[in-house]
Amino acid sequence: MAAISSGALARTAPLYDRVKRVIPEFEWATFADDVDAILDLKRKRNAVVLAHNYQTPEIFHGVADIVGDSLALAREATKVDADVIVLAGVHFMAETAKLLNPEKTVLIPDLKAGCSLAESITAADVRLMRERYPGAPIVTYVNTSAAVKAESDICCTSGNALAIVQSLGVEHVIMLPDEYLAQNIAAQTKVKITAWKGRCEVHELFNAEDVRQLRENHPGVTILAHPECPPEVVAEADFSGSTAAMSGFVGKEHPARVVLLTECSMSDNVAVLHPDVEFIRPCNLCPHMKRITLKNIRHALETNEHEVTIDPEIAERARRSVERMLAL
Ligand code: 13P
Ligand code: SF4
């Protein structure tokens, strides 16, 4: 193991102070060198780190410049004033950042950081859906490849899916590829929604029995569920919303005890901001999000691995779907 630099520990001490409730001191000692090196590399390379809410606290609170849900990361990507963007998240997020910043270098620290939803559908599948349902607009979740976005009419995220569906002014839309998100949105609108069979491998694991057990074991607990959870879970939860909406709910309502039915790092990151709230923590890990580490963020900034590239013709059409979403 490399020796721990006391200089790095001293320089990163103010950062550690923020996260000390969720990261033990001995563990931070193993992070300090990489955090210190990343902060230095960012300055030297005029780089920013965009991190999703599911990144571990040492990334989220230690080295990220911009954090948020998929919608916030896409929105903020349009405003970045830097030469290099490192996306601490999964591949579709890095592609979206590249679509919105074709001239900048966009890096993903691990190319295998995928997503079960993005994997569930191809561009050819979208063309088939268009043939089967002529005239119905295709709303595509941002958790898809650029090639799938290129075949779509407009993108959405869990934060704006209802607004996007309702903005189209039609009776029937196709919503791809998350079956549960589509069902959860359909429950809130008169618009008829035809879904695909994709699932998030993290959120599909929660069920209604989990919610009942939580209420029984933790009286008074407030239960928040991500809309990628099965509809039976959302129906029994107290609130459902994107990761940013869940974090906003905790900030606004200050529940005494809360559970976030979503990816594990979310509770750690939100707990840092709200020391007065008790977090009950049944959660599921996203193996794709967890591929991103301080070590590979540092490596990305040192070596430019891995640069995200998108075929220009696909990028042109995919960008239109993302920009239509952002314009709303
Ligand atoms: P949001 O952060 O947009 O809610 O998305 C959750 C998710 O699963 C991203 O992969
Ligand atoms: Fe994909 Fe689910 Fe992981 Fe998000 S949490 S990246 S939707 S598999």
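The values are calculated or read from the model by the stated rules, or taken from the named source; none is laboratory data. Predicted model only: the values in this text are computed from it and were never measured. Using ideal geometry, Cβ is built from the backbone for each residue, glycine included, and neighbour counts are taken over all protein chains shown. Just the protein is used for accessible areas: all its heavy atoms, side chains included, with ligands, DNA and RNA removed. Shrake-Rupley method; radii C 1.70, N 1.55, O 1.52, S 1.80 Å.
A few points about this structure:
- When 86, 35 are checked against the criterion of being modelled with pLDDT of 95 or more, closer than 27 Å to residue 156 by Cβ and among the aliphatic types (A, V, I, L, M), a single residue qualifies: 86.
- For residue 196: the one exception among (1) farther than 30 Å from residue 137 by Cα; (2) within 15 Å of ligand 2 (Cβ to nearest atom): (1)
- Any chance residue 22 is in contact with a Lys or Arg (Cβ under 8 Å, 6 or more places away or on another chain) and among the aliphatic types (A, V, I, L, M): no
- Against the conditions (1) surrounded by fewer than 23 Cβ atoms within 10 Å (Cβ to Cβ); (2) in contact with a strand residue (DSSP E or B) (Cβ under 7 Å, 6 or more places away or on another chain), residue 258 satisfies every one except (1).
- Test: residue 103 is over 19 Å from residue 192 (Cβ atoms), among the acidic types (Asp, Glu), under 24 Å from the mean Cα position of the chain (by Cα) and within 16 Å of ligand 2 (Cβ to nearest atom): no
- Filtered residues of region 226-252 (kept if crowded, with 22+ Cβ neighbours inside 10 Å and within 11 Å of ligand 1 (Cβ to nearest atom)): 226, 227, 228, 229, 240, 242, 243, 246, 247
- Qualifying position, being in contact (Cβ under 8 Å) with a residue 60 or more places away in the chain and in a helix (DSSP H, G or I), among 235, 244: 244
- Of residues in region 58-86 being free of Cβ contacts under 8 Å to residues at least 60 places away in the same chain, surrounded by 24 or more Cβ atoms within 10 Å (Cβ to Cβ) and more than 16 Å from ligand 2 (Cβ to nearest atom), the one farthest from residue 42 (Cα to Cα): 77
- Close pairs from region 25-47: first hydroxyl-bearing (Ser, Thr, Tyr), partner at pLDDT below 95, Cβ under 7 Å, at least 6 apart: none
- Residue list for region 284-316, filter: in a helix (DSSP H, G or I) and surrounded by fewer than 17 Cβ atoms within 10 Å (Cβ to Cβ): 290, 295, 302, 303, 312, 313, 316
- Subset of region 48-75 [within 15 Å of ligand 1 (Cβ to nearest atom) and over 23 Å from residue 202 (Cβ atoms)]: 75
- Of all residues in region 136-185 being closer than 18 Å to residue 200 by Cα and touching a Pro at 6+ places or on another chain (Cβ under 6 Å), the one that is farthest from ligand 2 (Cβ to nearest atom): 183
- Helices (runs of 4 or more DSSP H) (entirely within region 112-225) containing at least 1 residues that are more than 16 Å from ligand 1 (Cβ to nearest atom) and either at pLDDT 95 or above or open to solvent by 20 Å² or more (accessible area, probe 1.4 Å) (or both): 123-132, 146-150, 161-167, 179-186, 208-217
- Summed over region 36-57, residues that are assigned to a strand (DSSP E or B) and open to solvent by 20 Å² or more (accessible area, probe 1.4 Å) total 1.
- Index of the failed condition, residue 263 passing every other in (1) open to solvent by less than 30 Å² (accessible area, probe 1.4 Å); (2) more than 24 Å from residue 238 (Cβ to Cβ); (3) within 16 Å of ligand 1 (Cβ to nearest atom): (2)
- Pairs are defined by a Cβ separation below 9 Å, a sequence spacing of at least 6 or placement on different chains, a first member in region 195-220 that is under 26 Å from residue 161 (Cα atoms), and a second member that is open to solvent by 80 Å² or more (accessible area, probe 1.4 Å) and within 16 Å of ligand 1 (Cβ to nearest atom); the pairs so defined are 198/119; 202/285.
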